[in-house]
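Single-structure report; data block below.
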Amino acid sequence: MGVAGPFPSYAARPPGPVMDRDEADRALARLGAEHEAIETSLLALQDHAGRRLLEGAELTGVTRERWSVTEQSITLLWSYFDAYAGVLHQAREVRARRRHPNRDDLTALTGLLRGDGVTVAHGAARPDPSITGPARLSERFTLAELVNRMNELYARSLDMVVASDSVWSAMPARIDLLAAELRRTSSLAHSVGVRPGEHPSGDDLESITQELATLRVQVISDPLAFWLPGPGSSAPGGGRPDTTRYDRAARALEEVRREIEAVLAVRQDAEQRLVQLRDVLSRADRTLAEARSARGEVLAKIAASEVPAVNGPPTALQERLAAASEYRRHAQWHRLSPLLETLERQAEEELLRAREQLTAVTAPLAVRAELRGRLDAYKAKVARHGLAEDPVLIERYDAARRMLWSAPCDLRVAGLAVQRYQDAALELMGQRRASGPEDRWGR
């Protein structure tokens, strides 16, 4: 409250040395300034918006309990202030008797300003013991003690009022803004078929609506339940509103809003995505058909080779794609959105599997093509070195070629035949290279 001590008090016998005139005048001036500061603080507390709201609100919980105590404290503060003002008035009357006070006047002033003659009667309505200590009909103070007591009561009362007002100033407005955003999101959700009982996001919106309504009622009736005192802060109102539940509701609404935006995006590009899905599944189907055809060719042309079976067309995905088309036709966007995401992933996986099956099925043909290519490559190399008419090479080439160009082809035997031709060619070309410079090849 901006008050200071210590202060003298009244007693029949003054405590300590009697004050002289200058000491008495300085004490009266200080107490007069202090009286004005205390009065200003009490009037400010009386007119505080938070206190007026507390008086008119239907309070519950911890706020109701603390406001009951605070009301008694404010009433007691005015009683203390009246007692303080009464002693100050008496002291001023004594000082006004003479320009130069005599010994009796100074003794009386000393007793008033330093003694413990300030008596405060509590009347029939005794204050809570937590305010004044053990229950008493009246209390006696020195002015310094009285000011200290007023400081304590004022700080506790102001802390309660400021904390309540801070919560009321911050929380209901934020809750109302979030509730307005919730209404807009709910309207948008309803337009795309996201409703409670039909879609998880619809259930979430209903839950958030109930939570915000409950939260607002509780904040209005029990603001102190949503107040976090500042750590180590002794100043009145030190702390901040507890927004944990509000923040949780805001995060949940943001998640639902993103879900609704995803559904809206589905509504905008559903046809394009369905066309792309059909294209991917069609490519997978064609790839599987090619794999089945290739498997028949492999079985007819390649002997002693294990050829994996080929899956049938992705009929299950086709059926789900048909269901997605129905959802689009009936504007069931909330059902179409998750189905499209699943179908897109599964269609890509199906196309990849079809390609892998085609690769696995045609692997024997690829091996035969590689052997044919290697055989022809060595024949060309042999011709460049003038060995095309060598009878051994001709014999081995013809044997390998018959195996590779006949059906069914035994890849293992054909591979050995190609290797025999390759070994013979390398041996003869090595002999040519060693016989002289004129036989160098490929240099």
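Can you give the % of DSSP beta bridges in the chain that are antiparallel, to the nearest 5?
Working: 8 of 11 bridges.
Here the antiparallel bridges make up roughly 75 percent for the chain.
Calculate how large, on average over all directions, the projected area of the Cα convex hull of segment 335-375 is; give the answer in nm² to one decimal. Spell out each step's value before the answer.
Values: hull surface 12.4 nm².
Its Cα hull, projected and averaged over all orientations, spans 3.1 nm².
Once you wrap a convex hull around the alpha carbon atoms of segment 129-260, what is its projected area averaged over all directions, in nm²? Let's see the in-between values first.
Details: hull surface 43.7 nm².
If you wrap the Cα atoms of segment 129-260 in a convex hull and average its projections, you get 10.9 nm².
For the full complex of protein chains and a 1.4 angstrom probe, list Glu389, Glu55, Glu181, Glu71 by accessible area with the highest value first. Don't skip to the end; give the middle numbers.
Working: Glu389 155, Glu55 105, Glu181 55, Glu71 80 Å².
Result, largest first: Glu389, Glu55, Glu71, Glu181.
What's the extension gain from Asp203 to Glu71 if we count 0.36 nm per residue and subtract their Cα-Cα distance?
Values: separation 132, 0.36 × 132 = 47.52 nm, distance 4.40 nm.
Additional length available on full extension: 43.1 nm.
What number does the chain give for Rg over Rh if you use C-alpha atoms and the Kirkwood radius? Can you show the working numbers first?
Details: Rg = 49.7 Å, Rh = 32.5 Å.
Here the Rg-to-Rh quotient is 1.53.
With no solvent and one point on each alpha carbon, what is the Debye value of log10 I(q)/I(0) for segment 345-396 at q = 0.13, 0.19, 0.20, 0.30 Å⁻¹?
Debye intensities relative to I(0), on a log10 scale: -0.53, -0.72, -0.75, -1.04.
Given the DSSP H assignment, sum -39500 (n - 2.57) over each helix run of at least 4 residues in the chain and divide by its residue total; what's the result at 222 nm in deg cm²/dmol, nearest 500? Write out the running numbers ahead of the final one.
Working: 13 runs with 320 residues, N = 443.
My calculation for the chain gives -25500 deg cm²/dmol from helical runs alone.
Under 18 Å from a point placed 7 Å out from the Cα of Ala366 along the Cα-to-Cβ direction: which residues of segment 271-287 have their backbone N that close?
In segment 271-287, the label zone of Ala366 (backbone N under 18 Å from the point 7 Å along Cα→Cβ) covers 287.
Over 10 Å intervals from 0, what percent of Cα-Cα pairs in segment 66-118 sits in each interval?
P(r) over segment 66-118, rounded to whole percents: 23, 37, 21, 13, 6, 0.
Under the definition of Cα pairs under 8 Å and six or more residues apart, what whole-number percent is the relative contact order of the chain?
On the way: 523 pairs, mean separation 62.8, N = 443.
Relative contact order, the chain: 14 percent.
Give the calculated FRET efficiency between Glu93 and Gln218 to the nearest 0.05, with a Förster radius of 60 Å applied to their Cβ-Cβ distance.
On the way: r = 54 Å, r/R0 = 0.90.
Plugging the Cβ-Cβ distance into 1/(1 + (r/R0)^6) gives 0.65.
Radius of gyration and Dmax for segment 177-331's Cα atoms, expressed in Å?
For segment 177-331, the Cα-based Rg and Dmax read 28.0, 94 Å.
Under a crude label model (7 Å from the Cα following the beta-carbon direction), how far is Ile394 from Thr119 in nanometres?
14.8 nm
Just subtract the alpha-carbon distance of Asp269 and Arg26 from 0.36 nm times their residue separation and send over the number in nm, one decimal. Walk me through the intermediate numbers first.
Working: separation 243, 0.36 × 243 = 87.48 nm, distance 8.58 nm.
Between Asp269 and Arg26, full extension yields 78.9 nm more.
Which of the DSSP-defined H helices in the chain satisfy a minimum axial length of 24 Å, computed from C-alpha atoms, and a minimum mean Kyte-Doolittle hydropathy of -1.0?
Qualifying helices: 21-47, 61-95, 143-191, 200-221, 244-301, 333-361, 363-384, 411-435.
Measure of size requested: the Rg and Dmax of segment 300-430, with Cα atoms as the atom set and Å as the unit; please supply both.
So, for segment 300-430, Rg and Dmax equal 25.4, 79 Å respectively.
In whole Å, what are the extents of segment 265-336 along the principal axes defined by its C-alpha atoms, from largest to smallest?
Result for segment 265-336: principal-axis Cα extents of 55, 17, 14 Å.
So what are the radius of gyration and Dmax for the Cα set of segment 387-430, in Å?
10.7, 35
Which residues in segment 340-363 have a backbone N closer than 18 Å to a point placed 7 Å from the Cα of Arg258 along the Cα-to-Cβ line?
Output list for this probe position: 341-342.
What is the distance in Å between the Cα centroid of segment 58-72 and that of segment 390-422?
What the calculation gives is 104 Å, centre to centre.
The values are calculated or read from the model by the stated rules, or taken from the named source; none is laboratory data. The structure presented is a predicted model; accordingly, all values stated were derived computationally and were not measured. No Cβ is skipped: glycine too gets one built from the backbone with ideal geometry, and neighbour counts run over all protein chains shown. What goes into the accessible areas is simple: the full protein's heavy atoms, side chains included, and nothing from ligands, DNA or RNA. Shrake-Rupley method; radii C 1.70, N 1.55, O 1.52, S 1.80 Å.
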